[in-house]
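Trainee: If you scroll down you'll find the structure; I have some questions about it.
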Amino acid sequence: MNALSQSFGLLFRRREAGIFVMLVLFCIVVGIIQPRFASLETARIVALAIPLILVSAMGQMMVIVARHVDLSIGSILGFSAIVAGMIFRDHAELPIFVGVLAAIGLGAGLGLLNGLIVTIFKLPSIIVTLGTLSLYRGLLFLASDSRQVDPQYIPKPLIQMSQTSPIGGIPWIVIIAFAVALLTYFFLDHTRIGRQIYAIGSNPTAAPLRGIRVVPVTLLVFTISGALAGLAGIIYASRFGYVNPGITGVGFEFTVIAAVVIGGVSINGGVGTVLGTVLGVILLGAVNVALPILGVSAFWQDAIYGAVILVALLIDRSVRRRGLKSLVAGNRA
């Protein structure tokens with residue numbers, strides 16, 4: 001019995017357990033208030049809301065764990081999506097994978113540029129990516145001539161990836177998103193570079209003394225974040241069937257950051273898990289779907305995301321203080 005209680009104690013000391021409990025309680029409360037929420041159709045809508053956020057959240061998680069932040073991912077998503085859409089529109093004879101690779105490649109290049117500016121000029125990533133957020137959005141309008149890529153130009157097989165399923169009714173884009181999450185888990189938890197990302201975020205001053213090459217690892221996390229934002233651009237085109245330069249990816253960075261911090265990733269770096277981030281994304285997806293069902297105006301969503309980020313920061317600060325006090329008490333003993 002003691003062993004069992006200790007196991008439960010260890011389980012609920014993990015942040016992921018708290019997020020899971022929040023998710024379950026949220027779904028139960030909303031289901032009681034509005035029974036329509038507790039239906040298979042709603043579960044399907046939530047599942048379709050997840051991939052776009054989840055793919056980008058995996059990249060943002062790596063950046064934040066390395067003690068940086070990427071505010072430009074919404075613009076990278078939009079830029080990559082519009083370039084892929086223009087390829088589909090102007091070169092319909094080309095295979096779909098050409099547009100997909102172009103989106104991922106462009107995203108990786110823009111992410112790498114973010115990393116180069118941060119590392120070469122030693123500037124705070126939040127300032128750099130705030131600048132490139134506007135820069136990439138401006139380039140997006142120039143490249144597209146402010147023209148939308150209409151639904152008839154998005155290849156049908158790409159749209160069908162959000163509608164068809166190889167297993168149990170789960171759409172392809174959901175499978176792709178969770179495959180990205182699984183690969184991210186193996187990369188962060190089972191490779192030397194993954195462990196170095198955590199080491200840099202935990203103590204960037206000590207990391208070089210341990211033989212970690214901080215600049216290449218930093219460039220890598222920004223490049224991966226950009227590439228995944230590019231892949232999210234393809235998922236956007238599949239999910240919505242069009243790409244509009246004025247709305248695609250606008251404000252998306254705040255949704256992703258909210259999902260990541262809900263998932264227990266410390267904004268101070270060095271702390272966070274893929275499982276926690278996945279649960280944070282699912283919780284945010286459930287909130288997105290629940291708000292309209294409950295009759296809450298969409299204008300409140302940004303306010304809710306902002307409040308969530310502030311609460312997560314306060315919780316993270318509290319957890320860190322408790323950890324520091326425990327460490328000091330242990331040293332005195």
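Derivation of every value follows stated rules applied to the coordinates shown; laboratory data play no part. A quick note: this is a predicted structure, and the numbers were derived from the prediction, not measured. No Cβ is skipped: glycine too gets one built from the backbone with ideal geometry, and neighbour counts run over all protein chains shown.
Trainee: Would you mind checking the radius of gyration and Dmax of segment 12-135 based on alpha-carbon positions, in Å?
Mentor: Over segment 12-135's Cα set, Rg and Dmax evaluate to 19.3, 55 Å.
Trainee: Here's a follow-up. Roughly what would the spin-label model give for Arg213 and Ala298, points 7 Å off Cα along C-beta, in nm?
Mentor: With each label placed 7 Å out from Cα toward Cβ, I get 4.6 nm.
Trainee: Then there's this: Which listed residue (Gly272, Gly111, Ile304) has the Cα farthest towards the positive end of the charge dipole for the chain, taking +1 on Lys and Arg C-beta and -1 on Asp and Glu C-beta about the Cα centre?
Mentor: Gly272
Trainee: Just to confirm a number: summing +1 for Lys and Arg and -1 for Asp and Glu over residues other than Leu77 whose beta-carbon lies under 15 angstrom from that of Leu77, what do you get?
Mentor: Numbers: positive: Arg137, Arg239; negative: Asp70, Glu253.
With Lys, Arg at +1 and Asp, Glu at -1, the net is 0.
Trainee: Fewest first, what order do Trp172, Trp300 take by the number of other Cβ atoms within 10 Å?
Mentor: Details: Trp172 20, Trp300 11.
Listing Trp172, Trp300 from fewest to most nearby Cβ atoms yields Trp300, Trp172.
Trainee: To make sure I understand, if each residue's beta carbon is the centre and we count other beta carbons within 10 Å, what order do Met86, Met61 fall in, fewest to most?
Mentor: Arranged by neighbour count, lowest to highest, Met86, Met61 become Met86, Met61.
Trainee: Can you tell me the dipole magnitude for the chain around its Cα centre, using point charges on the Cβ only (Lys, Arg +1; Asp, Glu -1), in Debye to the nearest 20?
Mentor: On the way: 22 positive and 11 negative charges, 268 e Å.
It comes to approximately 1280 debye.
Trainee: Sticking with this structure for a sec: Using 0.36 nm per residue of separation minus the Cα-Cα distance, give me the extension gain between Ala38 and Phe187 in nm, one decimal.
Mentor: Taking 0.36 nm per residue and subtracting the Cα distance, the gain is 50.1 nm.
Trainee: Another one. Roughly what % of Cα-Cα distances in segment 88-214 sit above 18 Å, to the whole percent?
Mentor: Working: 5796 of 8001 pairs.
The calculated P(r) of segment 88-214 puts 72 percent of pairs beyond 18 Å.
Trainee: Just from its helices, what would the mean residue ellipticity at 222 nm be for the chain, if runs of 4 or more DSSP H residues each count -39500 (n - 2.57) and the sum is divided by every residue, rounded to the nearest 500 deg cm²/dmol? Display every interim value, and only then the final one.
Mentor: Working: 13 runs with 248 residues, N = 333.
Computed ellipticity for the chain at 222 nm equals -25500 deg cm²/dmol.
Trainee: Could you give the C-alpha radius of gyration of segment 248-302 expressed as a fraction of 2.2 N^0.38 Å, taking N as the number of residues it contains? Could you put the intermediate results ahead of the total?
Mentor: Working: Rg = 12.4 Å, N = 55, 2.2 N^0.38 = 10.1 Å.
My calculation over the Cα atoms of segment 248-302 gives 1.23.
Trainee: Would you mind telling me which residue in Ile159, Ile235, Ile167 has the biggest mean-square fluctuation in a Gaussian network model of the chain, where springs connect alpha carbons within a distance under 10 angstrom?
Mentor: Taking springs between Cα atoms under 10 Å, the residue moving most is Ile167.
Trainee: From the phi angles alone, apply the Karplus equation (6.51, -1.76, 1.60; θ = phi - 60°) to segment 206-216 and give each ³J(HN,Hα) in whole Hz, x where the residue is Gly or Pro.
Mentor: Taking θ as phi minus 60°, the curve returns 7, 4, x, 5, 8, x, 8, 8, 5, 4, x Hz for segment 206-216.
Trainee: Also, quick follow-up: Whole-Hz Karplus ³J(HN,Hα) for segment 123-138, in order, using 6.51 cos²θ - 1.76 cosθ + 1.60 and θ = phi - 60°, x for Gly and Pro?
Mentor: 9, x, 4, 5, 6, 4, 6, 5, x, 6, 3, 6, 4, 5, 5, x
Trainee: May I ask you to sort Arg44, Arg67 by Cβ crowding, counting other Cβ atoms within 10 Å and putting the fewest first? Could the numbers behind the result be given before it?
Mentor: Working: Arg44 15, Arg67 20.
Ordered by Cβ neighbours within 10 Å, fewest first: Arg44, Arg67.
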